Amino acid sequence: MQSSFTGKEIYQHDFDPRAYLETYYGAGSGVFIKDGFLKFVLKNLHKTFTKGGVKGDLLIDIGPGPAIYQELSACEVFKEIIAADFTDRNRQYLDKWLKNESGLFDWTPSVKFVCDLEGSSGKVVEKQEKLRRTLKQVVKCDVTNRNPLAPLVLPKADAVLTVGCLECACKDLDTYRQVLRNLSSLLKVGGHLIISSILGSTCFTSGSKQFSLLTLDEDFLRAAVTDSGFVIKDLELLPRDYDKEMFQICDHNASIYLVACKQKDV
Ligand SMILES: C[S@@+](CC[C@H](N)C(=O)[O-])C[C@H]1O[C@@H](n2cnc3c(N)ncnc32)[C@H](O)[C@@H]1O
C-alpha cells in the first residue's frame, strides 16, 4: 500500500472526482454509507448549524473535492458559501453541479437525509436549489499557502469547514499545525473552524489510485487546534470498522468531528 506522501500535484493528475464519489458515497454500496461516516458528519453538521448557533455571512469550505453534502445544513444559515479545492477537475465538477448539468452524481439520498433532520421532508428539490443559490464561488486553494486562497483575498469568514482534506494535504504533523494557522487567517476572531477527519489511517484508495493519509489521533488534534488559538466547543468521535480494501489502518479506527472557536491569531 502507498506509504510516501502523495501531494497536491498527484491529486491534480490522478484524483478522479466521479470515481471518488461513486466509491465513497454511492447509494447502498458507498464506503462512507456502509461505515456510517456520512450520517455521522451530516448529523453533526445539522447540530452545529442549528442548536450550535454557528451562522453568519461567509463560510469557506476547504477541500470539498467534488462533494456538496457537507454544505447542505450550512446553506440555511450562511449568506454565502465559497468552495475552495486544489484540483481543476474537482472545481469543474462542482461548477457542473451548480449549473445542474445532467449525468452528475445523484446526491438525493444525502439531501433527503438532511431535509428529514430539518423536518422538511419532501423539500429535496428546494434544498438543492437553496444550496445552488448560496454556493457563490468555487475557487482554487492550497492549504499549505499562508493565504490558502492566494491570490484571492476575501473578507474574514465567519466559518471555515474542512472534511477529509487536511489529512490528505499535509505531509507531516508540523505541516498540519501550520495549515491550521493558515486556515485561521481566513477567519474572524469569534469565527468557527469545523473539521472532520479520518484518524489512524495511512492511505486510501480511489479510482484504483492510492493516496496517503497523515496518521492523526484525538490527542494530537485537540492540542494542535488549541495551540492554533482556538477553543474547542464540540468534539465527537465515531469508532469505525474501516473498509480494509480501501484504507490502510494503523489504530484508533475512528473519525473525528470538531468545532472550535477562534480566540486570537497566533
Ligand atoms: C479525500 S478528498 C475529500 C473530499 C471531500 N471533502 C469529502 O468530504 O469527501 C481530499 C481533497 O483534498 C484536496 N487537497 C489535497 N491537497 C490539497 C491542498 N494542498 N490544498 C487544498 N486541497 C487539497 C484534494 O483536491 C481533494 O479534493
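The values are calculated or read from the model by the stated rules, or taken from the named source; none is laboratory data. This is a predicted model, so every value here is computed, not measured. All Cβ positions, even for glycine, are placed from backbone atoms using ideal geometry, and neighbour counts span all protein chains on display. Surface accessibility is based on the protein's heavy atoms, side chains included, excluding ligands, DNA and RNA. Shrake-Rupley method; radii C 1.70, N 1.55, O 1.52, S 1.80 Å.
Within segment 105-143, the residues that satisfy the criterion of being more than 22 Å from PHE40 (Cα to Cα) and either without any contact (Cβ under 8 Å) to a residue 40 or more places away in the chain or part of a helix (DSSP H, G or I) (or both) are VAL125, GLU126, GLU129, LYS130, ARG132, ARG133, THR134. The set of residues in segment 240-266 being open to solvent by less than 20 Å² (accessible area, probe 1.4 Å) and closer than 21 Å to THR205 by Cα consists of ARG240, TYR242, PHE247, ALA254, SER255, ILE256.
For the condition near the ligand (Cβ under 10 Å from one of its atoms) and acidic (Asp, Glu), ASP61 qualifies. If the condition is being farther than 16 Å from VAL259 by Cα and in a loop (DSSP other than H, G, I, E, B), then segment 38-76 contributes GLY63, PRO64, GLY65, PRO66, ALA67, ILE68, LEU72. Taking segment 164-239 as the region of interest, the helices (runs of 4 or more DSSP H) fully inside it that hold 1 or more residues being β-branched (Val, Ile, Thr) and open to solvent by 20 Å² or more (accessible area, probe 1.4 Å) are 173-184, 218-227. The sole residue among PHE105, PHE78, PHE86 that is more than 13 Å from the ligand (Cβ to nearest atom) and at pLDDT 95 or above is PHE78.
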